[in-house]
Structures are given as structure tokens and as C-alpha cells.
Amino acid sequence: MLEISGILGKDKIALGSDKGNLFVYFPSSQQEFERKKATRASADAHAFTRPTFSFLDQINEVRLSISPALRGRPRSRTLRHEFCHALGLPGHSKRLYKEEHLLGMTVYGSIELHEKQDSKPAVIPEADVMAVKLLYQESIPNGLKKSTFEQYLKEHKLQ
């Protein structure tokens, strides 16, 4: 949670039982997970995130479910991936990346490089951190056209 709080700047995230808007479910059985997943995710998904939005396209609430079949590093990676969705990164990149990336595919030059990366402590990779920071950047107005957004990034050296 501290890892995510540091990315959001002035926006705060806190663990609590009352008045929350992010709910994380760890179903006790795979059957329970499959029932929840039936209308919300692809057949091979091990987790899914379901946001609800306000009329102004702001996230009101997010419900995140993780399969009980996931354990260890895959579970940790999947949680980070789903938290990126919960924070507002909705899609998956089809682009191949040379650096670790939670929402896209990472290409490693060798098995040794993959094993070296996989042995490091689990964190949200820098590419995803930068994307979330851009979403929560107060100085960037909402609803920009792609060309205007790209111009803003260029002018403010955020590319």
C-alpha cells in the first residue's frame, strides 16, 4: 500500500473497513471465483477488476477479485497489475517492452535475464509508475485530445 501511496501524490489511499471505494476479494474456492468471473472477464483470467464510474467519468468504486489458484510471485504480480487497473489504467498494451511492465508484454533477451528480473523484489515497474503519475498529475487537465496531451508532455518534458 505504501508503494501505491507514494505514486499518487496528494491523493491518499488508506486501509479501512468503512467508506472505502476499492474492494479486494480473495474467494475461498475456485468455483466461487469462477461464478464471479463468469460475466466479467475472459475464460483464462486469474483476476479481474470491475470499476463503476460517475457521470463525469471519474472512478466511483472498484471491485477486484483474485483467483485462489494464484500463489507466490504470480499472485503478487497479478495484484499489482489489477491495482494499476483500479487506479485508472484500463487497458493492456499490445506493445512489447524491453523493461518490466505490468500492463504489457515484457521481452527478455534470455532466460537468464528473466530469472534475474524475477528474483528482484516485487515492485510496480517504472513504466507503470510514470503512467499512474500522469493520471494523477494535477496540472494536466482532464479530457485532452491525444495531440494536445502529447504536446503538453513535450512542453513539460514529461515524455
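The values are calculated or read from the model by the stated rules, or taken from the named source; none is laboratory data. Quick caveat: nothing in here was measured; it's all calculated off a predicted structure. Using ideal geometry, Cβ is built from the backbone for each residue, glycine included, and neighbour counts are taken over all protein chains shown. Heavy atoms of the whole protein, side chains included, go into the accessibility calculation; ligands, DNA and RNA do not. Shrake-Rupley method; radii C 1.70, N 1.55, O 1.52, S 1.80 Å.
Summary of values
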| quantity | calculated |
| --- | --- |
| Whether the stretch 45-108 is rounded, prolate or oblate, judged on the alpha carbon gyration tensor where a/c under 1.5 counts as rounded | oblate |
| Gain on full stretching of the segment that runs from Arg35 to Leu144 - 0.36 nm per residue minus C-alpha separation | 35.4 nm |
| Within the accessible area of the chain (1.4 Å probe), percent carbon and sulfur | 55 percent |
| For the chain, share of DSSP beta bridges that run antiparallel, in % to the nearest 5 | 55 percent |
| Range in the chain, longest, excluding exposed GluC sites (Glu not before Pro) [loop by DSSP; at most 15 other beta-carbon atoms within 10 Å] | 1-98 |
| FRET efficiency, Lys116 to Val24 (Cβ-Cβ, R0 30 Å, nearest 0.05) | 0.50 |
| Estimated FRET transfer efficiency when R0 is 30 angstrom, pair His92-Glu155 (beta carbons, to 0.05) | 0.55 |
| Surface accessible to a 1.4 Å probe, per residue, for the residues of the chain, Å² | 72 Å² |
